[in-house]
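Colleague: Next up is a structure, given as structure tokens.
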Amino acid sequence: MDKTYVTKQEDIKREWYVVDATGQTLGRLAAQVASRLRGKHRPIYSPAVDAGDYVIVINAEKIRVTGRKLDQKIYYRYSGYPGGLKQITLRDLLKKHPVRAIEHAVRGMLPKNRVGRKMFKKLKVYAGPQHPHQAQQPRPLELE
């Protein structure tokens with residue numbers, strides 16, 4: 001009888017990847033980055049274990065969206081106080097904080113528990129082409 005394999009933290013070898021978001025569609029980019037963060041590309045994938053890699057996204061300000069999402073997609077945040085509901089369109093968010101659009105999209109595709117929060121910490125997003133992770137020798141990741 002074969003034993004069931006259980007993924008352990010010491011079995012996981014994490015890689016660093018860099019993704020250029022120039023001209024990429026926001027949702028498609030986020031889906032592939034989230035899959036890489038979760039570790040679904042590995043044969044030792046287990047939903048309860050963080051087996052994913054580190055992903056660096058550069059040029060976040062140059063992402064692309066389809067349709068009329070720039071003006072119709074609205075991000076909300078609530079302070080908890082009366083009258084504290086704030087809203088911002090995707091166009092304004094990309095002008096002020098382009099990093100947050102990608103972070104928000106990827107976070108929504110990760111599990112909503114402590115494993116998902118741990119996975120999200122491995123995502124590094126930068127608005128421009130420079131990043132401070134050269135020492136980790138990230139490999140370029142080609143997205144489909």
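The values are calculated or read from the model by the stated rules, or taken from the named source; none is laboratory data. These numbers were taken from a predicted model, which means no experiment stands behind them. Please note: Cβ atoms are built from the backbone with ideal geometry, for glycine as well, and neighbour counts cover all protein chains shown.
Colleague: Quick one: which strands (runs of 3 or more DSSP E) lie wholly within region 40-109 and hold at least 2 residues that are under 13 Å from Ala21 (Cβ atoms)? Quick ask: steps written out before the conclusion?
Modeller: Details: elements: 54-58, 74-78, 85-89.
By residue number, 54-58.
Colleague: Looking at (1) surrounded by 15 or more Cβ atoms within 10 Å (Cβ to Cβ); (2) closer than 19 Å to Lys122 by Cβ, which is the one condition that is false for Val65?
Modeller: (2)
Colleague: Here's another thing I want to ask about it. Counting only residues that are farther than 19 Å from Gln24 by Cβ and either surrounded by 11 or more Cβ atoms within 10 Å (Cβ to Cβ) or not hydroxyl-bearing (Ser, Thr, Tyr) (or both), how many does region 76-95 have?
Modeller: Step one: list which residues in region 76-95 are farther than 19 Å from Gln24 by Cβ, which gives 76-89, 92.
Next cut, either surrounded by 11 or more Cβ atoms within 10 Å (Cβ to Cβ) or not hydroxyl-bearing (Ser, Thr, Tyr) (or both) only: 77, 80, 82-89, 92.
Result for region 76-95: 11.
Colleague: Please go through region 104-117 and pick out each residue that is among the basic types (Lys, Arg) and either surrounded by fewer than 15 Cβ atoms within 10 Å (Cβ to Cβ) or modelled with pLDDT under 95 (or both).
Modeller: Here is the first cut: in region 104-117, the ones among the basic types (Lys, Arg) are 107, 112, 114, 117.
Selection gives Lys112, Arg114, Arg117.
Colleague: For region 118-130, give me the residue count where each residue is assigned to a loop (DSSP other than H, G, I, E, B), of a type outside the set (Phe, Trp, Tyr) and surrounded by 16 or more Cβ atoms within 10 Å (Cβ to Cβ).
Modeller: In the first step, residues of region 118-130 are kept if they are assigned to a loop (DSSP other than H, G, I, E, B); the result is 121-122, 126-130.
Those left that are additionally of a type outside the set (Phe, Trp, Tyr): 121-122, 127-130.
Narrowing further to those that are surrounded by 16 or more Cβ atoms within 10 Å (Cβ to Cβ): 122, 127.
Summing the residues that are assigned to a loop (DSSP other than H, G, I, E, B), of a type outside the set (Phe, Trp, Tyr) and surrounded by 16 or more Cβ atoms within 10 Å (Cβ to Cβ) in region 118-130 gives 2.
Colleague: Can I ask one more? Please go through region 6-38 and give me each residue that is at pLDDT below 95 and either touching a Ser or Thr at 6+ places or on another chain (Cβ under 9 Å) or among the β-branched types (Val, Ile, Thr) (or both), ordered by number.
Modeller: Val6, Thr7, Ile12, listed by residue number.
Colleague: Just one of Ala60, Ala48, Ala101, Ala21 is out of contact with any strand residue (DSSP E or B) (no Cβ under 7 Å at 6 or more places or on another chain) and surrounded by 12 or more Cβ atoms within 10 Å (Cβ to Cβ); which is it?
Modeller: When all the criteria are applied, what remains is Ala101.
Colleague: Something else about it: Hey, can you tell me all the residues within region 24-45 that are closer than 30 Å to Thr7 by Cα, buried (at least 18 other Cβ atoms within 10 Å of the Cβ) and touching a residue at least 60 places away in the same chain (Cβ under 8 Å)? Let's see the steps before the verdict.
Modeller: Kept after step one, since they are closer than 30 Å to Thr7 by Cα, are these residues of region 24-45: 27-45.
Filter again for buried (at least 18 other Cβ atoms within 10 Å of the Cβ), leaving 29-30, 32-34, 36-39.
Passing the criteria: Leu29, Ala30, Gln32, Val33, Ala34, Arg36, Leu37, Arg38.
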